[in-house]
There are 2 protein chains.
Amino acid sequence: MNSLPAKIQDLTPKLAKLCLDIEKFGKLKSGEDFASKTMLVGVSGGIDSTALLIIATLLARKSGGRVFCAHIDHNLRKESAGDRAFVEELCTELGVPVKSLKADVAGYAAERSIGLEEAGRIIRYDFFKQCLKKFDADFLLLAHHIGDLSEDVVMRLIRGTGWPALAGMDAYDPKRKLLRPLLSTDKDSLEDFLRSIGCPWREDESNTCDDYTRNRIRNHIMPLLYNENPNLGAGLIRLKNQAELDEAFWDEQVAEAIKHVQEVEDGILLPCSILNKYHSALRLRIYKKILDDLGPGHTLFDSIILLDQGFLARKSGSTFQFPGKKVVKVNKAGLLFKVN
Amino acid sequence: MNSLPAKIQDLTPKLAKLCLDIEKFGKLKSGEDFASKTMLVGVSGGIDSTALLIIATLLARKSGGRVFCAHIDHNLRKESAGDRAFVEELCTELGVPVKSLKADVAGYAAERSIGLEEAGRIIRYDFFKQCLKKFDADFLLLAHHIGDLSEDVVMRLIRGTGWPALAGMDAYDPKRKLLRPLLSTDKDSLEDFLRSIGCPWREDESNTCDDYTRNRIRNHIMPLLYNENPNLGAGLIRLKNQAELDEAFWDEQVAEAIKHVQEVEDGILLPCSILNKYHSALRLRIYKKILDDLGPGHTLFDSIILLDQGFLARKSGSTFQFPGKKVVKVNKAGLLFKVN
């Protein structure tokens, strides 16, 4: 490994601008000067996360923040020990404390009868959570970029996701302290960054394998979409911006409405007097929120539509069932939500 | 051509249900008993529109409506004269008055330097408009089905369309009297319908040609998406339902806000006192509506975001330009919209 740049001023103007744009984007999304805080960066050793680790380190040196690194050896490929060695060497060079985990993803997946992708995700986020605590970090930085966002939108479209979730992964999720500062950056810029500073990275051969939906989307569907519009990424960033505004709007409206919910003896009552004032676009989101708050179980849009039709028809006495043993009963006073 | 079924009761229960489901869907979307009215059906002679013409005729016989047919010979393929003969013969058999137009799509496109697809669309809708008037029709029925809706969503995703337009073509557009009663029906059911009643149709060879974006999406991208989720169509119907609700909601909110717009000497004033009360998700839609109402010129989401930032920063005196010579000036009283 060549010696890496010590500060942003050592970079070419183009690369320095890349770093500052990434800082600006992260600040805008989190509403905080994240680079002056304690950041935990999830690093696999691939292009994206290697670039993110270096950029986060340069930004931290400028803004007075601290950087820690978390690496997971998924133990699914023979190269994974080499990935770990690479990440630990890089961290040493950058002066970044690193914590690695050798996980038995295949075993975890088999034990719970879930897919490898899902098992990996659960183990990863669980480990990140531990590391956030251990390092007392303010932010978990992940290296998802425009390409990942685009794939995610297509994945969600395929799955039948509704608005605003259709617009893809969040740039900032305060609940998980998760920030994706590269989400409006394209992969080519990250590769260009690493090449320019002479920093190597690890290739993940499993990315080219078609066993995973995600890889099939990446390798076969995305090239066709980008072929129709090379600026697809910009359009999806715009869509995500619109989704964020809409989500904030609906969250506000729903929170206001939920205040009028009454706890009664046999459940939670959403009074007709309140529901009558709202448009169905809002009513559906209120039902969804109350049902989600009742506990686990994924509520489908079509079944919420049926519930709303029940409300509109004032079918007193009729009952609607939802996953997770949730039940909504229509009565004269309104809709009664409970878990059986 | 075999003799066609004279009434819905002559069909198998499965095919009769298909017809009645289509009627139900059209009623739900238009809010009217369209099959009892005067319907103009656009027919190319392909599977979809041939099926629609026969189904509309059967529904009209049941409900007391009348059916007319409009056919356009785009004159782009040597088979097009045969298509016209087929459609006219089918109409004779069904007792449906038909009006055909032989259009010079290639000449029209060359004259205006536009693509063949766009030229075809303009000529088509212009002809339909004439026919609607000539036959004094209440509805223009077009044969777009789930497959077309799915392609349209992907097309709009590629183009960077925002919500709710992203969810695809409307099942009902009252401005154009346009109803798409097959929008929740899949193509296989339509082909099965025609085969079962022994009715032939015309194949459009140009559908397999990759010169058009639409065909590339249909022939290469859609199969990959459906391969990941064979129920993709159902998810997109649900997305469209959600989009319709959201669109109705925002239309209502924007219409309410627009009432507070003041016509002043040098343009249209949107007062701060009003804007302050609204969430940015609504403000952006209000700006868009006022700009659209000022005349032609497509306003981009990003430029509306900039305008909103100008409003939030209260940058008095600053001016924002939009396509179609539209200008918005920030002043102390609010935002001043005008066309230069």
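The values are calculated or read from the model by the stated rules, or taken from the named source; none is laboratory data. None of these values were measured; they are calculated from a predicted model. Neighbour counts are summed over all protein chains in view; Cβ atoms, including those assigned to glycine, are modelled from backbone coordinates with ideal geometry. When the accessible area is computed, the model is the full protein with side chains, heavy atoms only, and any ligands, DNA or RNA have been set aside. Shrake-Rupley method; radii C 1.70, N 1.55, O 1.52, S 1.80 Å.
List of remarks:
- Against the conditions (1) in contact (Cβ under 8 Å) with a residue 40 or more places away in the chain; (2) within 20 Å of A:Lys29 (Cα to Cα); (3) outside any loop (DSSP other than H, G, I, E, B), A:Gly82 satisfies every one except (2).
- Filter pass, A:Gly160 being surrounded by fewer than 22 Cβ atoms within 10 Å (Cβ to Cβ), within 14 Å of chain B (Cβ to nearest Cβ) and either modelled with pLDDT under 95 or closer than 30 Å to B:Asn219 by Cβ (or both): yes
- Within segment A:227-259, the set of residues being of a type outside the set (A, V, I, L, M, F, W, C), without any contact (Cβ under 8 Å) to a residue 24 or more places away in the chain and part of a helix (DSSP H, G or I) comprises A:Asn227, A:Glu228, A:Gly235, A:Arg238, A:Asn241, A:Asp251, A:Glu252, A:Glu256.
- Residues in segment B:208-237 that are open to solvent by 60 Å² or more (accessible area, probe 1.4 Å) and either not assigned by TED's automatic domain parsing to the domain that holds B:Asp152 or not hydroxyl-bearing (Ser, Thr, Tyr) (or both): 9 in all.
- Residue check, B:Asp21 closer than 21 Å to B:Arg202 by Cα, assigned to a helix (DSSP H, G or I) and open to solvent by 10 Å² or more (accessible area, probe 1.4 Å): no
- Boolean, A:Ile274 is aliphatic (A, V, I, L, M) and within 14 Å of chain B (Cβ to nearest Cβ): no
- Filtered by the rule that a residue be open to solvent by 50 Å² or more (accessible area, probe 1.4 Å) and of a type in the set (A, V, I, L, M), segment B:74-97 gives B:Leu76, B:Ala81, B:Ala85.
- For the residues A:Asp292, A:Asp302, the requirement of being assigned to a helix (DSSP H, G or I), acidic (Asp, Glu), outside the structural domain of A:Gly160 (by TED's automatic domain parsing) and under 24 Å from B:Asp251 (Cα atoms) singles out A:Asp302.
- The residue that is modelled with the lowest pLDDT, counting only those in segment A:198-226 that are over 29 Å from A:Leu15 (Cβ atoms) and facing another protein chain (nearest Cβ under 9 Å), is A:Thr213.
- Residue, most open to solvent (accessible area, probe 1.4 Å), within segment B:175-206, restricted to residues that are under 23 Å from the mean Cα position of the chain (by Cα) and free of Cβ contacts under 8 Å to residues at least 12 places away in the same chain: B:Lys175
- Flag for A:Ser280 being within 14 Å of chain B (Cβ to nearest Cβ) and among the polar types (S, T, N, Q): yes
- In segment B:316-337, residue nearest to B:Ile274 (Cα to Cα) [restricted to those that are surrounded by 14 or more Cβ atoms within 10 Å (Cβ to Cβ) and charged (D, E, K, R)]: B:Lys329
- The residues of segment B:128-141 that are open to solvent by less than 10 Å² (accessible area, probe 1.4 Å) and within 16 Å of the chain's Cα centre (by Cα), listed by number, are B:Phe139, B:Leu140, B:Leu141.
- Restricting attention to segment B:107-127, the residues being under 19 Å from B:Ser80 (Cα atoms), aliphatic (A, V, I, L, M) and open to solvent by 50 Å² or more (accessible area, probe 1.4 Å) number 2.
- Condition met for B:Arg176 (basic (Lys, Arg), touching a Ser or Thr at 6+ places or on another chain (Cβ under 8 Å), farther than 26 Å from A:Asn231 by Cα and more than 10 Å from every other protein chain (Cβ to nearest Cβ)): no
- So A:Val339, is it touching a Gly at 6+ places or on another chain (Cβ under 7 Å) and without any contact (Cβ under 8 Å) to a residue 24 or more places away in the chain: no
- Test: residue in segment A:30-43 that is under 13 Å from A:Leu90 (Cβ atoms), touching a residue at least 12 places away in the same chain (Cβ under 8 Å) and assigned by TED's automatic domain parsing to the domain that holds A:Asp173: yes
- Taking each residue of segment A:260-272 that is over 15 Å from A:Leu291 (Cα atoms) and assigned to a strand (DSSP E or B) and looking for partners that are among the polar types (S, T, N, Q) and open to solvent by 70 Å² or more (accessible area, probe 1.4 Å) with beta-carbon atoms closer than 7 Å, six or more apart or interchain, yields A:Pro271/A:Gln262.
- Residue match in segment B:49-60 (condition: assigned by TED's automatic domain parsing to the domain that holds B:Tyr212 and assigned to a strand (DSSP E or B)): no
- Test set (1) within 14 Å of chain B (Cβ to nearest Cβ); (2) in a loop (DSSP other than H, G, I, E, B); (3) over 23 Å from B:Leu236 (Cβ atoms); (4) touching a residue at least 24 places away in the same chain (Cβ under 8 Å) - A:Ile286 fails condition number: (2)
- Filtered residues of segment A:74-103 (kept if modelled with pLDDT under 90 and under 20 Å from A:Asp126 (Cα atoms)): A:His74, A:Asn75, A:Leu76, A:Ser80
- Some residue of segment B:304-311 being charged (D, E, K, R) and either open to solvent by 20 Å² or more (accessible area, probe 1.4 Å) or away from chain A (no Cβ under 14 Å) (or both): no
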